[in-house]
Amino acid sequence: MKRIITACVNNYSGVLNRVTGVLNRRQFNIESISVGPTEATSISRITIVLNVASLFEAEQVTKQLNKQIDVIKVSDITDEPHVERELALIKLNTPAATRAELLSVMEPFRANIIDVGAKTVVVQVTGTSEKIDAFVDVVRAYGIKQMARTGVTGFLRSSK
Amino acid sequence: MIEATKSENGSQLLLRTLKKQGVEMIFGYPGGAVLPLYDALYDGGIPHILARHEQGALHAAEGYAKVTGKPGVVIVTSGPGATNAITGIADAMSDSLPLVVFTGQVATPGIGKDAFQEADVMGLTMPITKNNYQVRDSKDLPRMINEAFQIATTGRKGPVVIDLPKDISLVKISEKYQETVDLPSYQPTVEPNTLQIQKMMTALAAAKKPVILAGAGVIHGEASTELLVFAEKYNVPIVNTLLGLGTISSVHELFLGMGGMHGSYTANMALTECDLLLNIGSRFDDRLASAPKDFAPNATIVHIDIDPAEIGKVIETAIPIVADAKAALKKALNTPITPPDTQEWRQQNKARKAQYPFSYDRENTDEIKPQKVIEIIGKLTNGEAIIVTDVGQHQMWTAQFYPFRYAHQLVTSGGLGTMGYGIPAGIGAKLGAPEKEVVVIVGDGGFQMTNQELAILNEYGVDLKIIILNNQSLGMVRQWQEKFHNERRSESVFRTQPDFVKMAEAYQIKGSRLANPATLEQELTTIFAEKGPALIEVLVSTTEHVLPMIAPGSPNDQMIGVVNR
Ligand SMILES: Cc1ncc(C[n+]2csc(CCOP(=O)(O)OP(=O)(O)O)c2C)c(N)n1
């Protein structure tokens, strides 16, 4: 089962190493991991998407991560109301004749073309991982030359 | 913020901070990257024990930490000094011993460039420390050191490494610096949740067959008095883990023995049959619960642990309590219940204890039985000595046959099972508790891993009695090969041995070799009556096995080699 776990950590060198070290040692499978600054300069947010066998395992992950001195707070946000986004850049084979059609395929996904070459274009799409998976499936027929995905980042929704 | 004195360099500031922390002694070994630190040490202030190998320095610091409850402090140099220290750091992590270890590092400009004697200490020690630091600015030193001490000695204790580049230890401090710790994200839970304690007490009131499993957490939390009061007040028998031995006197009526692989039949049956298991400060290690699914099958499990990550890690827990052992027991004692009626249960355990004591072939007088040696030492020391072991059969016989009386009494490598631990840990234990008699029990194999530390005994006047139980083999390996590998004794029997008595003499220590079962007790009595370090090689049976035993993966009630008296 897929779990989204976020960790606020002290922005020191080596902390990411500690986090991935803990996951690796306990043989947890990381699907994606993303790191970046937060509203506080001294704190980074790490968002980890994991594939675990059970909720029990997910709880073990959060406990083990929480134990690290430089980890401030760990939350499994999967079942909480949350926002999550991932960004993908996809370079597609697109001879001039196919481009108009591509635009119509992109439309429902609100994807954008951000670079145009002679034989290829680069498309940017953001959304949940599921949406990106769906988009990738749709455009696969064009021939994907290159793809880069950021992994998920996210946090809890504002309380209503 | 504190104004710098301008005249002080990083090393001097470091030592001054250690003094403020109350550090009584440092275990270490010098080298290029820590020359400035040793130069500062030359001016005195804190006594330094020069080990003969960094592993020795680490285990000595562990022995010191184990008997005193205070943090052991170590200095080693960069590269090979740090890598030699790794085993001891990992050992301390496994057994939750507080250490602050300074590793020298090459000067900042050389880091990451494969400089002479550079090793990536941060990377190497990350998974085997509670936390590690690399000092990038000397004005951070006091704060980092104080944080290291706080982290090492609070919550679940453990080793902290501070990696110190040479230039940082040399440079004069000119900026203002901070001494106070800054650890907002580190707040170990000490006080238990009242509701959870109430749940535990309600469960206890309803129990017919309750058992306490007391682990090292009781010792680290200095909670053995509370444990005893609690157990006596509610008539609950106690099983110890290896590292929990001493939390209750082994002659106490409620003591059922050590549980697990080489534990007592009574203890393992109590763990199997109990209807309520109060685990206080044990982590359900696989040597205790080698078949987690079948462990304490009828019991409601209560687990008190200061480390939340331990709860539910191995055994599903009905009543989790995150707390320090002492705080939890105190609160439990303040939560009145009608004590459960455990009369029948205690009778049952008592009968088992009488029927299935640890045993060996006492009739055999042709050879010295290693168990007999431990029994004699128990008698000669009145069960009051600090006992230090290495790892192997002798360690298990010591756990089975020495009559432990008090907390902090047994110094042994439980989690990592590190051969070579015994001699240096014994040295550290004696230095930490000079008023106590300290006896080290080692195998002929493990002795040869760190015997170089014998050099320390005379140099620092460390009065240790060291017993080598020489079975001419790596006994524990041999036992497993004989039991589980068709007696194929692959590389476990020594073809040649050094002359251990001569080795003792080479270090100017009294050495004796005891081989006669008939005179053993009398000879040991004479040696133990004399002051000063002594090495005693006892030629014991070369075929003996540690029994009873739970085969790995089997549940606790399936012990082999149980002898009915
Ligand atoms: C550093 C290290 N290497 C290997 C082992 C594996 N091992 C466990 S017990 C043992 C045999 C120990 O032999 P000895 O020191 O003679 O003690 P005995 O078992 O005979 O009492 C070995 C090799 C270990 N625990 N530690």
Worksheet, complete the sentence: Of A:84-94, B:421-431, B:393-403, ordering from highest average Cβ density within 10 Å down gives B:421-431, B:393-403, A:84-94
Discussion item. Quick check for me: using +1 on Lys/Arg Cβ and -1 on Asp/Glu Cβ, what's the dipole size of chain A about its Cα centre, in debye to the nearest 20?
Written reply: 280 debye
Item to complete: Determine the percent antiparallel among the DSSP beta bridges restricted to segment B:194-355, to the nearest 5.
Response: 0 percent
Response to the item:
Quick tally, 1.4 Å probe accessible area for B:I377, A:I43, sorted with the most first, runs A:I43, B:I377
Worksheet item: Under the definition of Cα pairs under 8 Å and six or more residues apart, what whole-number percent is the relative contact order of chain B?
Response: 14 percent
Worksheet item: Remind me, relative contact order of segment B:5-161 in percent, using alpha carbon pairs under 8 angstrom and six or more residues apart?
Response: 24 percent
Worksheet item: Once phi is turned into ³J(HN,Hα) by the Karplus curve 6.51 cos²θ - 1.76 cosθ + 1.60 with θ = phi - 60°, what whole-Hz value does each residue of segment B:190-201 show in order, with x for glycine and proline?
Response: 10, 7, x, 6, 4, 4, 5, 5, 4, 4, 4, 5
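As an exercise, identify the trypsin sites (Lys or Arg not before Pro) in segment B:327-401 lying in DSSP coil whose Cβ has no more than 13 other Cβ atoms within 10 Å.
B:R362
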Worksheet item: For the protein assembly as shown, what is the percent of antiparallel DSSP beta bridges, rounded to the nearest 5?
Response: 40 percent
Practice prompt. Over segment B:10-170, give the accessible area per residue in Å² for a 1.4 Å probe, as an integer.
Written response: 31 Å²
Practice prompt. Using R₀ = 56 Å, calculate the FRET efficiency as 1/(1 + (r/R₀)^6) where r is the Cβ-Cβ separation of A:L87 and B:T202; round to 0.05.
Written response: 0.60
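How large, in Å, is chain A by the Kirkwood hydrodynamic radius built from its alpha-carbon pairs?
About 17.4 Å, per the Kirkwood formula over Cα pairs.
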Practice prompt. Would you mind working out the accessible area per residue for chain A, using a 1.4 Å probe, and quoting it in Å²?
Written response: 55 Å²
Worksheet item: Which one of A:T98, A:A148, A:V74 is farthest out on the positive end of the charge dipole of chain A, using unit charges on Cβ (Lys, Arg +1; Asp, Glu -1) and the Cα centre as origin?
Response: A:A148
Discussion item. Give me Rg/Rg_expected for chain B, where Rg uses Cα atoms only and Rg_expected = 2.2 N^0.38 Å with N residues.
Written reply: 1.00
Worksheet, complete the sentence: Hydrodynamic radius by Kirkwood for the protein assembly as shown, inverse mean 1/r across distinct Cα pairs, in Å, is 28.4 Å
Worksheet, complete the sentence: Over chain A, the sum of -39500 (n - 2.57) across DSSP H runs of at least four, divided by residue number and rounded to 500 deg cm²/dmol, gives at 222 nm -8000 deg cm²/dmol
Discussion item. I'd like the carbon and sulfur percentage of the solvent accessible area for segment B:194-355, probe radius 1.4 Å, heavy atoms only, ligands and nucleic acids excluded.
Written reply: 53 percent
Worksheet item: Toward the positive end of the charge dipole of segment B:334-467, about the Cα centre and with charges on Cβ (Lys, Arg +1; Asp, Glu -1), which of B:P403, B:I427, B:A354 goes farthest?
Response: B:A354
Discussion item. Run the helix sum for chain B: -39,500 (n - 2.57) per DSSP H stretch of 4+ residues, divided by residue count, reported at 222 nm to the nearest 500 deg cm²/dmol.
Written reply: -10500 deg cm²/dmol
Practice prompt. Just need the relative contact order of segment A:25-160 here, percent rounded to a whole number, with Cα pairs under 8 Å and 6+ apart.
Written response: 30 percent
Response to the item:
Rounded to the nearest 10, the angle in degrees between the Cα long axis of helix A:15-25 and the longest principal axis of the Cα atoms of chain A comes to 90 degrees
Discussion item. What are the extents of the Cα atoms of segment B:194-355 along their three principal axes, in Å, largest first?
Written reply: 40, 33, 28
Item to complete: Beta carbons within 10 angstrom, averaged per residue: use that to sort the peptides B:300-306, A:44-50, A:153-159, highest first.
Response: B:300-306, A:44-50, A:153-159
Worksheet item: segment A:44-77: which residues show an accessible-area loss of 50 Å² or more, assembly versus chain alone, 1.4 Å probe?
Response: A:K63, A:K67, A:I69
Worksheet item: Hey, got a sec? Which GluC sites (Glu not before Pro) in segment B:369-446 land in a DSSP loop and have at most 11 other Cβ atoms within 10 Å?
Response: B:E435
Worksheet item: Counting Lys +1, Arg +1, Asp -1, Glu -1, what net charge surrounds B:S490 among other residues with beta carbon under 14 Å of its beta carbon?
Response: +2
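At a 1.4 Å probe radius, carbon and sulfur cover how many percent of the accessible area of segment A:2-76?
Details: 1750 of 3610 Å².
Whole-percent figure for carbon plus sulfur exposure: 49.
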Worksheet item: What are the residues whose amide H is under 5 Å from the amide H of B:E8, where those residues sit 5 or more places off or on another chain and H is modelled from the backbone?
Response: B:I173
Worksheet item: How well do other chains shield peptide B:140-151, expressed as the mean number of their Cβ atoms within 10 Å of each residue Cβ?
Response: 0
Practice prompt. May I ask you to list the GluC sites (Glu not before Pro) in segment B:165-264 that are in a DSSP loop and have at most 16 other Cβ atoms within 10 Å of their Cβ?
Written response: B:E175, B:E179, B:E222, B:E253
Response to the item:
Sorted by chain and number, the residues with a modelled amide H under 5 Å from that of B:L276, at a separation of 5 or more or across chains, are B:K209, B:V211, B:T300
Practice prompt. Give the interface area between chains A and B as buried accessible surface, both sides summed, probe 1.4 Å, in Å² to the nearest 100.
Written response: 1300 Å²
Fill in: Electrostatic dipole magnitude of segment B:370-543 [Cβ: Lys, Arg +1; Asp, Glu -1; Cα centre; debye, to 20]
300 debye
Worksheet item: Ordered by residue, what ³J(HN,Hα) values in Hz, to whole numbers, does segment B:153-162 give under the Karplus form 6.51 cos²θ - 1.76 cosθ + 1.60, where θ = phi - 60° and Gly and Pro are x?
Response: 9, 10, x, 7, 5, x, x, 10, 9, 10
Worksheet item: Which value, in debye to the nearest 20, gives the size of the charge dipole of chain B about its Cα centre, when Lys and Arg are +1 and Asp and Glu are -1 at the Cβ?
Response: 700 debye
Worksheet item: Over the Cα atoms of segment B:451-565, Rg to Rh with Kirkwood Rh, two decimal places?
Response: 1.07
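The values are calculated or read from the model by the stated rules, or taken from the named source; none is laboratory data. None of these values were measured; they are calculated from a predicted model. We place every Cβ from the backbone using ideal geometry, glycine too, and count neighbours over all the protein chains shown. We work out accessible area using only protein heavy atoms, side chains counted, and drop any ligands, DNA or RNA first. Shrake-Rupley method; radii C 1.70, N 1.55, O 1.52, S 1.80 Å.
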